[in-house]
Each structure stands twice: as structure tokens, then as C-alpha cells.
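Have a look at the structure below before the remarks.
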Amino acid sequence: MPIRKLMTLSGGLIQKIKPCFMMSPLSIAQYLDPRTIKFDVIVFDEASQVKPEDAIGALLRGNQVVVMGDTRQLPPTSFFDHVTESSDTDLDDDAVYKDMESILNVCKRSFPSKSLRWHYRSRHESLIAVSNQEFYDNRLYVYPSPMHDNENLGLKFVHLPDTIYDRGKSGINRGEARTVAKAVLEHYKRFPSKSIGVGTFNIKQQQAIQEEIEVLLRQNPEIEKCFTNERGENFFVKNIETIQGDERDIIFISIGFGFDLNHKLSRSFGALNNEGGERRLNVLITRAREKCIVFSNFTAKDLNIDGNESFGLKSLKIFLEYAETKNLISISRPTEDSDSPFEDCVYEFLRDNGYEVHKQVGCAGYRIDLAIVDQRTPGCYLIGIECDGAAYHSFPVARDLDRLRQQILENLGWEIYRVWSTDWYRHPIESEKKLLEAIENAKISKVAEEIEQDKVLDDSHNEIEYKEEIDVSNRLTVQTETLEKLQEKIQEYKICSLADMPSNDFFELSRLQLERVIIEIVEIEGPIHSDELIQRIKVHFGIARAGNIIKSTIQSAINSAEKSKKILIRDDFLWPDSEPDSLLRTRCGDASVKIEWICDEEITQAVFFVLNNQYSTAQEDLIVQTARVLGIKVVRKNAKDKINNIIESLIQDNCLTKLPNNMIYFKEPVIVKQIIRH
């Protein structure tokens, strides 16, 4: 029955089963009858983009409301009305889109409000500094990074003086778009685990960058897999109107506007010049967690503005100047000022012992009292030192704040050591000795960490392998040597060559021809995941990217092959019509093997294979050895979790037994051998 009718008849029961609903205001109006569905609390997130008239329906269905949002970010705008009425090519970047009242502003005028001032997203203070100064009056508490000058963190500026903004014609900067696209691919090659997004000042520049990336992907199809992220944070290119709500590890900002062919710089920056343009800028420049790179064919000094210019344009000039020079009022270099005489005493002691020390490191409401500079890496700090000075004693819940602050700082990479004034003065020798030991231990730990990272660095794709504990590595050495000999008994995974299959244009294939290609692949490689099957077809027919049409065509042929009983489908895997003699296959140590593309039955046989040759094995060792048998060279978290889940399932099914010391062995060896042969 229709959802609205179902909710009307059985909404009370459904709410008991699922007491929390997550819906848009439009969905609430469509599916929930206000006469039969009520909630205790209504929560609006991103309320700055919700119109009051859209919110009323939800408000009427609750007894209490919590409205959350940021009045300094994008309000409801007529931009999206134009999007629904026009195609992308019809949208005018210079059009004046009207901003509207939001439910957040209405509630803020009439009801009690609470400001959330702690900023957690940015892992480097430079990513939020301009917004904090220009839009939040330096009221945000921003935690400093232990790497104040690092190539892989913070705000960066790339000047492209040789590129040209095609003003009055196409409205794009093609050279800048091409440079941004190349930078995206280069970053994915260097940091494949990082998520990336691109923001632009207008739709036309957004489309130009998308076109350039498509060209590069056709030339480098092997990089396409990097554009999807394990965390679900896939790559995007969005304009200033649509980027709100998104965040990524690395953000590229393409200004687009700039010097034209006549080397004239117009002060027209689209939506930025209009009232409320500063809100759009605030959204755009605060999307990055770790690194933000700004591309522009002009610098801040080229942009001449006067007192009559819009707030958004003035803020852009400040942002560009800071990105290029790192000069900003609210962000300053470590100062020589101290919070108390006690800090001065600790500072002098450290200086006398030969350490380079910075005072009051950080910005905007929160600073670390003292930080020891890492002489091996001058842009980084070894350790942060907190002193319980006047500011500390002024907090009524100082101990609780200590815990919270230390957790966040350690998450950013800091090592924090606290010096207590009472201990310092009552037991000076002991306190001084402990402080020096903490610094030296931090130094040793950092060197050891760098050595460990160098050992496990995978040069093929610049990723860190899953770290095994030292004692585990020692245990695995003998077992690995044994398994390498035993692996010769396992058949090698054969990839279907499709040499006899048609290789003409994909769209010229008949359904029967495509079905024959699929059956051939499944007979050789089955069980094979449907996504891997699509990958094989893409490679054979030279397809750079498989869009919805191609995937739908392949899926239709798969369904047809299943109906004719030429193949079998179990979950997302395709099996040949006759059961293979052995499911277990090794993939020759290919580091790019995806655990999601290996079926549970094959992983189970790999677990049995390891135990059959080693009798009993520690669970953590069994996980790694199973992955190695399958040919997975780098055992990452997703592979570890999936294999572990299968082992736990086998234990629950009484196929395996787990001892209190985490050793795993067969419950019934005879039965298991029969399973392996089958």
C-alpha cells in the first residue's frame, strides 16, 4: 500500500519499532499524516537552508524543537529554483539569485540560543583562520596543529599567471581548469586514501574542470578506482552555491575569474558581489579537513577594491592574501608573551637545556603554553607543554576541560605533557627530570615512528600497510615460509583473455553476443563479483568509464544468462552452472585485490587451508595468513574485518573452536577435510 496510508494505519507501531525518523521537510509532508503521527522532539539540521514555510509541517508534528545551523552560511536561495527550471547551460553566473529568510533566523530572534564555539573539522588552524576573523569575530576555539608549517597540511596558494579568464565569451579559465584536473590526479597517485573535492566560483568553471578530468581519466583509466573512497566520500566538483554540507580531506578551489586576454581584471565575481556573497565564500573556504589549495591567475595585490565594494569581495582579498603570505591579524607566529610567571620559569629552564621553545602556540581562543620545536623537522613540534597558570585556575571545571582538550589535541597528532606548579616548586629536581625525560621520549618515539613507516611503505601506491605488532611479525615469519611452499599447491587465479570474443564497439553488440562474453568470463573466473565482471568488460572493449546505461545493459545480459541457467547468481557473485572443483585461488600477491570481490565461500576455504596445514593458529595470525593465501599482499582494515567476521561465523557454527588464548583449531578435522575436498 502507499507509504502514507501505511503510516496512517500503523504509524504508532512503526514508531515503537523505529522511534527515530530521518526525513526532509518535503518527505514529512508527503508521507506522515499530522493527525496520526506525533513526535516528542523535532530536530532541524542545516536549518539555515530551510524556509519557514517548509518547516511548519514538521513543527506541527512535534512537542519540542531543536533548530541547528549557521547564520553565516548559505541561506535559502532562488538558485535552486532556477536549477529545476533550467538546464545547466541556461544558468547565468551573473544572475542575481535572491536570498530568503530561514527558519534558523526566525527562531534565533524569538527563542533562546546557544553558540557552539569549538571548531573540530580543521586539522590545521590556517583552514579556518580567515572565516574565524571575518565571519565569526574570532569567537571560535580552534586547536593548533603540531605541524605549523607542513606541505601536507593547511592552506596553500598556486599562482597561474599564464592562464586566461575568457570574460564575456565562454566565461571559463581553461588553463586553470586543466591545471586543477592534473593536480587532482597527482594527489590521488600520491595519497590514494585521501578524499578530494573541488570547489569553483561558478557553474561554467565547474563544468570545465569536469571535462578536463574526464579527458585525463580516459588517458589514465587505472586511476578511476581512486575516485571512490572507502568512507563513502567520493570525489566531487561543485560550485559555490551547491558545496554546503560537504567536507573532504583535501579541497581544491578554482577561482576561475581573473585577468582576461587584455590583462584586465574585472571586479565582477558572480554571486560573491551580491548581498550575502560573503556567506557563500565562508562555505567554500571551510570545506577542507587537512589541506586546501587555491588556484588563481591573480594575487591579492592585483585586486584593487575600495570602501564601496561588497563584504564578500573584501573577504576574498583577505583570504587570497593570507593563502599567499600567511599574514592575518588573528593568526600570528608564536609569541614571547606568557600566561604567568610560572610559564616563564619553565620556558627559561627548557631554553637553558638547549631546546628551541615557542610560547603560546595556536590561535583564536586556545593556545598551547609551550611547544618544543623538532630540530629534525623545523616545521613540526615534538611535544606540547601545558602549565596550570592563571587561566587554568579560573575554570570551574578545569579537570574536565583538560580531558576534552587533551583528547582532541592528541587526535590532531600532539603529544601533551602537563607541568603542575605545586610539583614544580615543591619538588623542582624531580619535576625537571621528568620533563626532560618526556621530551627525549617524544623524540625517540618520533624517530621510531618514522623508521616504522619507512619499513611498511608500499612504493606501488604510496600507502602504509596494515601494521602488525612486533611479536605477531616474529610468529608469522616461520608460518609465512611454510605457507609459501604450500601455496604452490593452490591453483592460480586465471583471468579470462576473451581473445575469441568480439572486440568491436560495445554498443554494436547484440544481447546474445554480450551474454556469450559474460558466460565465458564466469566459466573461467567464477565465482566473480559483478563489479569485477564489469571491469573485465570495460578493459576488453576499451571503455574508460561505465555509466548507468552501460551497467544497465550488462545487468540485463546477466539476468538473461541466469534465466537460461548458463550462470548462477548468489548475492553479488556470478557462478558457473557447474560447481568448480576448488574455489580456492591465489591472486599472485596482487596488492590491488579487493576483499569485497572475493566470495565468502572462497575465504572460508582459505581459512580451512591455513588451519589444515598449521593445525592451530592465533586468530590475528589466521586473518593475515588467510589474506596472504588469497594473494592479498596489504592487509587493510576492511580485509581484516571481513575475514574476522567469517572466522567468528565458523566458530558459531561449530566448524572451528576458539580457546581462551585466542588459538583457533578445527572442531571436527574429518568433516572439515570433506568440506575442503568438496
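Odds and ends about this structure:
- Where labels lie 7 Å past Cα in the beta-carbon direction, separation of ILE429 and LYS314 in nm: 6.1
- Label-point gap, in nm, between ASP306 and ARG511 - each point 7 angstrom along Cα→Cβ: 7.0
- Amide hydrogen neighbours beyond the local backbone of ARG167, cut-off 5 Å, H modeled: LEU261
- Working from label points 7 Å from Cα in the Cα-to-Cβ sense, the ARG117 to ASN63 distance is 3.4 nm.
- VAL539-LYS594 FRET efficiency (beta carbon distance; Förster radius 22 Å; 0.05 resolution): 0.90
- Protection-proxy order for peptides 202-208, 149-155, 64-70, 14-20, each taking the mean of Cβ atoms within 10 Å per residue, highest first: 202-208, 149-155, 64-70, 14-20
- From phi via Karplus (6.51, -1.76, 1.60), per-residue ³J(HN,Hα) for segment 311-325 in Hz, x at Gly/Pro: 4, x, 5, 5, 5, 4, 4, 5, 4, 5, 5, 5, 4, 7, 10
- For the pair ARG72 and LEU261 in one chain, pulling the backbone fully straight at 0.36 nm per residue adds 64.5 nm over the alpha carbon distance.
- Once the gyration tensor of the Cα atoms in segment 242-296 is diagonalised, the equivalent ellipsoid follows with semi-axes of 23, 16, 7 Å, ordered largest first.
- Over every Cα atom in segment 267-308, the radius of gyration and the widest Cα-Cα span, Dmax, amount to 12.3, 35 Å.
- Relative contact order for segment 151-325, counting Cα pairs under 8 Å that sit 6 or more residues apart, in percent: 31
- For segment 151-325, the spread of Cα coordinates along the three principal axes comes to 49, 30, 28 Å, biggest extent given first.
- Here the extension length gained between SER649 and GLU356 equals 100.0 nm, from 0.36 nm per residue of separation less the Cα-Cα distance.
- Proximity of backbone amide H atoms, modeled 1.01 Å from N, is registered between THR377 and no other residue at under 5 Å, excluding neighbours fewer than 5 places apart on the same chain.
- Over segment 494-578, the reciprocal of the mean inverse Cα-Cα separation, the Kirkwood hydrodynamic radius, stands at 12.7 Å.
- Sequence ranges 46-52, 351-357, 650-656, ranked by mean other-Cβ count within 10 angstrom, highest first: 46-52, 650-656, 351-357
- Value of Rg to Rh for segment 145-236 (Rh from inverse mean 1/r over Cα pairs, i.e. Kirkwood): 1.00
- Stretched out straight at 0.36 nm per residue, the stretch from ASN150 to ASN327 would grow longer than its current Cα-Cα span by 62.1 nm.
- The Cα atoms of segment 525-653 cover 48, 31, 23 Å along the three principal axes, with the biggest extent listed first.
- Beyond 18 Å in Cα-Cα separation lie the following of the pairs LYS301/LYS326; LYS225/LYS291; LYS38/LYS114; LYS225/LYS538: LYS225/LYS291; LYS38/LYS114.
- Average silhouette area of segment 610-667, convex hull of alpha-carbon atoms, in square nanometres: 3.7
- The string of couplings for segment 542-547 from the Karplus curve (6.51, -1.76, 1.60, θ = phi - 60°) is x, 8, 6, 9, 9, x Hz, one whole number per residue in order, with x for Gly and Pro.
- Whole-angstrom gap from segment 178-234 to segment 108-143, using each part's C-alpha centre: 30
- Amide H partners (placed H, <5 Å) of VAL237, local residues excluded: VAL198
- For a paramagnetic label modelled on GLN491 (point 7 Å from Cα along Cα→Cβ), amide N atoms under 11 Å away belong, within segment 562-579, to 579.
Since every read-out is calculated from the coordinates, none of them should be taken as a lab result. Please read these numbers as outputs of a predicted model, since none were measured by experiment. Note that each Cβ is placed from the backbone with ideal geometry, even for glycine, and that neighbours are counted across all protein chains shown.
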